[in-house]
Amino acid sequence: MRSEAIWSRWDTPALARALQALGLTGEVRCKLVPGLYGAARIDHLGFSRIDGPGGPVSWDAPVWRGEAGAGYTPFRHALAKVSYQRNWRNGGRVQELGLAIGQLVLWF
């Protein structure tokens, strides 16, 4: 299990307030049987508010992301991974997106 938080701040001469963002991540990974593991992660990126024409607004759309996957090691120098990621955003042209991902890693 692992988690992380990152806070960023930018001072801009054009705005009275500084721009701020907060990123949060939590993930868990567990071995199911020898050579096979499962993993899940959730992320959030949020933004501070600025003064807009109609009152305070977020300076970018907050994003939530969830991901679940599995990995299998068929032999010592190979790893096959699959996962599915879903993204949600409260604004912008694309507000929801799901992605399926596959990867084969070989090393020697």
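What to note about this one:
- Charged-residue dipole, Cβ positions (Lys, Arg, Asp, Glu), the stretch 2-106 about Cα centre, Debye nearest 20: 340
- Here the convex hull built on the C-alpha positions of the stretch 2-106 has a volume of 130 cubic angstrom per residue.
- Overall form of the stretch 63-108 per C-alpha gyration tensor (a/c, 1.5; a/b vs b/c): prolate
- Compared with the direct C-alpha span, the chain from residue 81 to residue 3 gains 25.9 nm at full extension, assuming 0.36 nm per residue.
- Relative contact order %, the chain, counting alpha carbon pairs below 8 Å whose residues are six or more apart: 18
Read the figures in this text as sums done on the coordinates, not as results from a lab. Please read these numbers as outputs of a predicted model, since none were measured by experiment. Every residue, glycine among them, receives a Cβ derived from its backbone with ideal geometry; neighbour counts consider all protein chains shown.
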